[in-house]
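*Asks:* One structure coming up, written as structure tokens, with questions to follow.
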Amino acid sequence: MQRTLIKDTVGKIGEEVLIKGWVDIRRDHGKLIFLDLRDRSGKIQAVVIPSSSPEAHAKAGELRPEFVVEITGKINARPERNVNKDLLTGTVELEVMGVKILNKAETPPFDVTSDGLDINEEVRLKYRYLDLRRPRMQDNIRLRSDYMQALRGALVKKDFVEIETPILSKATMEGARDFIVPSRFQPGKFYALPQSPQQYKQLLMVAGFERYFQFPHCLRDEDLRADRGFEHTQLDLEMSFVNREDVMSTVEDVVKEGVLAVGGKLKDEKFPVITYKEAMEKYGADKFDLRTEEEKKDGTLAFAWVTDFPFFRKTSTTEASDKFDSKSGWTFTHNPFSMPIPEHLDWLIKGENIDQITTTQYDLVCNGLEAGGGSIRAHTPEILRATYKIMGYTDAQVEESVGHMIEAFSFGAPPHGGIALGLDRHIALLKGEASIKETMAFPMTSTGRTSVMDAPAEISEEQLKELG
Ligand code: ASP
């Protein structure tokens, strides 16, 4: 017999079916045994009646929660008074004829049917494969997939090309420390894991693709917080022959299509645009929440743009990356590859009025949180050199750090700009989750340990030796 998915049982009243899945709950009512069965499509109530099949009844007595089973039986309509409106299959019931145990299960270390939010994080992540069985996590991860497919579809319709870029690479500044990988072939030399695909996506513009996107993992060695690990996923995109407004309106279209496709609710058809100065005056921060109390309750998403940020700031003693990124006491606020606004290009080139130079950066905020950020980029050697000069780089240091970009820009680089959206953050906002970890299949603990596999771990003497 072919397997029937649980969601399809409602259309099979009177038929015999084969179900494969897990035992969600077992309840014994005297001689009757009730089983809630679960597969990827939903849950169904099954009843094991001794007189229908004595063997099945005996076997069902061995079943415990999370056992993996194959159940054959007949789909019966439930009498009106027994219909369960909260269950997708609440109009039917499976009368069990045969039970086969495909695998037993130990009692899980925690309840996998609750929302799980009060369970210790270390335990949840050690057994993440069980934690992911809970309905809330199944929903989050499935919604994540749906949202990604919708964004991807929207971008492909707009002529974007999905292109992957390397993970083993050279450092690119995004304001965090780099993760470093030693080279076995060239002892004493190192790769850096990408903080973002920033440079590669710009090189793809030089290569003539004009419209690129991908969903890259970005690795940043930052201080950990309860809601943040070292790794996150972006929707990263870049476009040629565009100005700020072009990128912003493209991103707006794509985000709107994605949000609506997964049943999200938007406050504004057109995202409001606020300058950094106005935002600071009005909200005291560059991230703000535009929702009413009512909208907060119903899960509305209030997106807005923030523009006209200062390009540079004085380095701070608390930001660890500042001491690597800046040599002059000035560092970039958002992105060293950005273009200043046209009116301030001259100041940048001459290194004048540094504190007053405005960048073309645009940040996307949503419900008080940062949901993305991007800019129009420097696309000529002079502009990128000037930015690094302001940050105190000597010609040799510029060469060492971004010489390859400057060279690429000398071969006909088109004007271009782009953005990166925090994909995990978008899912958290869509689902009303407080932490982005609730949107990732295998996030890291707050102490920097990986789910299930417990890295970082020691490596052997031999491996260490090989790596020099
Ligand atoms: N690299 C991004 C950009 O497109 C920003 C980021 O990764 O945070 O501007």
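The values are calculated or read from the model by the stated rules, or taken from the named source; none is laboratory data. In this text, all values refer to a predicted model and were calculated from it rather than measured experimentally. Cβ placement follows ideal geometry from the backbone for every residue including glycine, while neighbour counts extend to all protein chains displayed. Just the protein is used for accessible areas: all its heavy atoms, side chains included, with ligands, DNA and RNA removed. Shrake-Rupley method; radii C 1.70, N 1.55, O 1.52, S 1.80 Å.
*Asks:* Tell me the accessible surface of F241 in square angstrom (1.4 angstrom probe, heavy atoms of protein chains only), to the nearest ten.
*Replies:* We get 130 Å² for F241.
*Asks:* Just to confirm a number: summing +1 for Lys and Arg and -1 for Asp and Glu over residues other than L224 whose beta-carbon lies under 13 angstrom from that of L224, what do you get?
*Replies:* 0
*Asks:* Report, ordered by chain and residue number, the lysines lying within cross-link reach of K31, taken as a straight Cα distance under 18 Å and ignoring same-chain residues fewer than 8 apart.
*Replies:* Within the straight-line limit of under 18 Å, K31 reaches these lysines: K59.
*Asks:* Another one. Kyte-Doolittle cut-off -0.5, length cut-off 15 Å along the helix's own axis using Cα: show which whole DSSP H helices in the chain pass.
*Replies:* 244-261, 395-409
*Asks:* Okay, moving on. Given a 1.4 Å probe, how much area per residue of region 226-306 is accessible, in Å²?
*Replies:* Ligands and nucleic acids excluded, the result is 48 Å² per residue.
*Asks:* Follow-up question, since we're still on this one. Give the calculated FRET efficiency between A285 and K85 to the nearest 0.05, with a Förster radius of 60 Å applied to their Cβ-Cβ distance.
*Replies:* Computed FRET efficiency for A285 and K85 comes out at 0.85.
*Asks:* Normalised by the empirical 2.2 N^0.38 Å for globular proteins, what value does the Cα Rg of the chain take?
*Replies:* Taking N as the residue count of the chain, the ratio is 1.21.
*Asks:* Let me ask another. If you wrap a convex hull around the C-alpha atoms of region 1-55 and split its volume per residue, what is the figure in Å³?
*Replies:* It comes to 93 Å³ per residue, whole-number rounded.
*Asks:* If you don't mind, there's one more thing I want to ask. Leaving ligands, DNA and RNA out of it, work out the accessible area of K74 with a 1.4 Å probe and give it in Å² to the nearest 10.
*Replies:* Only protein atoms counted, so the area is about 80 Å².
*Asks:* Could you tell me which of rounded, prolate or oblate describes region 20-90, using a ≥ b ≥ c as the square roots of the eigenvalues of the alpha-carbon gyration tensor, with rounded for a/c under 1.5 and, failing that, prolate when a/b is larger than b/c and oblate otherwise?
*Replies:* Oblate, because a/c is 1.5 or more while a/b does not exceed b/c.
*Asks:* Still on this structure, I have one more. Quick query: amide H of A46 versus all other amide H atoms, modeled in the peptide plane; which residues come in under 5 Å with a sequence gap of 5 or more or a different chain?
*Replies:* Amide H neighbours of A46, under 5 Å, 5+ apart: L35, D36, L37, L94.
*Asks:* If Lys and Arg each add +1 and Asp and Glu each add -1, what is the summed charge of the other residues whose beta carbon sits under 14 Å from the beta carbon of D268?
*Replies:* Summing Lys/Arg as +1 and Asp/Glu as -1 gives 0.
*Asks:* Here's a follow-up. Sequence-distant or interchain residues sharing an amide H contact under 5 Å with V112, placed H: which?
*Replies:* HN-HN under 5 Å from V112: empty list.
*Asks:* Rank these residues by their accessible area, most exposed first, probe 1.4 Å: V262, V402.
*Replies:* V262, V402
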